[in-house]
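Notes follow once the structure below has been shown.
The values are calculated or read from the model by the stated rules, or taken from the named source; none is laboratory data. Fair warning: this is a prediction, and the values are worked out from it, not measured in the lab. Cβ atoms come from the backbone with ideal geometry, glycine included; neighbour counts cover every protein chain shown. Surface areas here come from the heavy atoms of the whole protein model, side chains and all, with no ligands, DNA or RNA. Shrake-Rupley method; radii C 1.70, N 1.55, O 1.52, S 1.80 Å.
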Amino acid sequence: MARYDFNAQRLYVDCDLAEGARAPLSKEQSNYLLNVLRLRDGDLLLAFNGRDGEWRARLASVSRKEAALTIDSLERPQTQPCDLHYVFAPLKHARLDYMVQKAIEMGAAKLIPALTHRTQNSRVNVERMRANAIEAAEQCGVLTIPEVDEPKKLEKLLAEWPSDRLLVFCDEDAPPGDPVARLRAFAGDRQTDRPTPPLAVLVGPEGGFDAGERAMLAALPFVVPVSLGPRILRADTAAVAALALVQAALGDWR
Ligand code: SAH
């Protein structure tokens, strides 16, 4: 991937992007650019909307409190996200904010909150998660806008699970073993015509999975339980470790 201008401020805008277009900015975005970053008319930014690629854009202030972008030229064409979903037991506030941002940086295209028996936070602010996901996408150069689902009980999620999507089950009780080899063997056994099968990663709550959940998961043909090593990781640590493992073994780090 050609390295792009990391210094330019990247901004998600929810409008069509084409040469000469004008992208209106929200009050919050205008305030951030004009008064926090103190950008001036004509300053360069990068704008993306999740479907038209990333465009070089110039700041055009309308007033002290309102700004817009004039769209210049295409910087990077739209790419498809890697087909990776992150399924997780919602954590409490700050740790959940952190986990959402890291999942996006690690390439998750969809976040699926799963309510397990020991989940401590079942009241999830989905709008807050969506805002964190967009902020992470702006900061880490992601061109697509991650989807964030409404929370669902784990049992219901698994009952509706598409059988072609591999679910990597991070099991704190799994016997130690080479997780890369395990993932590649499991994916290799499922002859798919695509170089990378549709993937998902499941990480439990601070209290882990209970025996019933573990048995339910182990019985499913699309589930591959993996160990993340000999130490017990906090759930937000496990998120980054598991997504790194999957991206390295089967995903877009290859
Ligand atoms: N119940 C455990 C902690 C669970 S950690 C305890 O308190 O001792 C939260 C989640 O992170 C687990 O459900 C699992 O999905 C993941 N995780 C943590 N350490 C792991 C490991 N060594 N191997 C696999 N998954 C792990």
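For segment 63-80, check the following and say yes or no: at least one residue is open to solvent by 30 Å² or more (accessible area, probe 1.4 Å), modelled with pLDDT of 95 or more, more than 20 Å from residue 141 (Cβ to Cβ) and β-branched (Val, Ile, Thr).
For segment 63-80, residues open to solvent by 30 Å² or more (accessible area, probe 1.4 Å), modelled with pLDDT of 95 or more, more than 20 Å from residue 141 (Cβ to Cβ) and β-branched (Val, Ile, Thr): present.
Residue check, residue 172 against (1) within 21 Å of the chain's Cα centre (by Cα); (2) within 8 Å of the ligand (Cβ to nearest atom); (3) charged (D, E, K, R), all met but one. Which one?
(1)
Return yes or no: is residue 132 open to solvent by 40 Å² or more (accessible area, probe 1.4 Å), under 18 Å from the mean Cα position of the chain (by Cα) and free of Cβ contacts under 8 Å to residues at least 60 places away in the same chain?
Answer is no for this residue.
Between residues in segment 3-22 that are among the acidic types (Asp, Glu) and residues that are open to solvent by 50 Å² or more (accessible area, probe 1.4 Å) and at pLDDT below 95, which pairs lie under 7 Å by C-beta distance while being six or more apart or on different chains?
Cβ pairs passing all conditions: none.
List every residue pair whose Cβ atoms lie under 9 Å apart, where the two residues are 6 or more positions apart in sequence or sit on different chains, the first residue falls within segment 48-67 and is in contact (Cβ under 8 Å) with a residue 24 or more places away in the chain and in the same structural domain as residue 137 (by TED's automatic domain parsing), and the second residue, located anywhere, is crowded, with 20+ Cβ neighbours inside 10 Å and outside any strand (DSSP E or B).
none
Which residue is farthest from the ligand (Cβ to nearest atom), if the candidates are limited to segment 201-213 and must be over 25 Å from the mean Cα position of the chain (by Cα) and assigned to a helix (DSSP H, G or I)?
Here the residue is 212.
Take residue 101 and tell me if it is touching a helix residue (DSSP H, G or I) at 6+ places or on another chain (Cβ under 9 Å), closer than 30 Å to residue 53 by Cβ, part of a helix (DSSP H, G or I) and modelled with pLDDT under 95.
Here the answer is no, as residue 101 does not meet what is asked.
For segment 221-237, which positions are more than 8 Å from the ligand (Cβ to nearest atom) and open to solvent by 40 Å² or more (accessible area, probe 1.4 Å)?
Selection gives 221 alone.
Please find, among 20, 42, the residue that is at positive phi, open to solvent by less than 50 Å² (accessible area, probe 1.4 Å) and not charged (D, E, K, R).
Result: 42 is the single residue among 20, 42 that is at positive phi, open to solvent by less than 50 Å² (accessible area, probe 1.4 Å) and not charged (D, E, K, R).
Can you find a residue that is hydrophobic (A, V, I, L, M, F, W, C), touching a residue at least 24 places away in the same chain (Cβ under 8 Å) and not in a strand (DSSP E or B) anywhere in segment 78-87?
For segment 78-87, residues hydrophobic (A, V, I, L, M, F, W, C), touching a residue at least 24 places away in the same chain (Cβ under 8 Å) and not in a strand (DSSP E or B): present.
All but one of (1) over 18 Å from the mean Cα position of the chain (by Cα); (2) open to solvent by 10 Å² or more (accessible area, probe 1.4 Å) hold for residue 240, so report the exception by its number.
Condition not satisfied by residue 240: (1).
Only one residue in 142, 180 is outside any strand (DSSP E or B), surrounded by 11 or more Cβ atoms within 10 Å (Cβ to Cβ), among the β-branched types (Val, Ile, Thr) and away from the ligand (no atom under 16 Å from the Cβ). Which one?
142
Against the condition within 15 Å of the ligand (Cβ to nearest atom), under 19 Å from residue 113 (Cα atoms) and assigned by TED's automatic domain parsing to the domain that holds residue 119, how does residue 241 come out, does it pass?
Yes: the conditions hold for residue 241.
Being in contact (Cβ under 8 Å) with a residue 40 or more places away in the chain and in contact with a Lys or Arg (Cβ under 7 Å, 6 or more places away or on another chain) is true for just one of 244, 200. Which residue is that?
Unique residue meeting the criteria: 200.
Within segment 155-166, identify whether any single residue is in the same structural domain as residue 94 (by TED's automatic domain parsing), among the hydrophobic types (A, V, I, L, M, F, W, C), out of contact with any Phe, Trp or Tyr (no Cβ under 8 Å at 6 or more places or on another chain) and over 28 Å from residue 50 (Cβ atoms), and answer yes or no.
Within segment 155-166, one or more residues are in the same structural domain as residue 94 (by TED's automatic domain parsing), among the hydrophobic types (A, V, I, L, M, F, W, C), out of contact with any Phe, Trp or Tyr (no Cβ under 8 Å at 6 or more places or on another chain) and over 28 Å from residue 50 (Cβ atoms).
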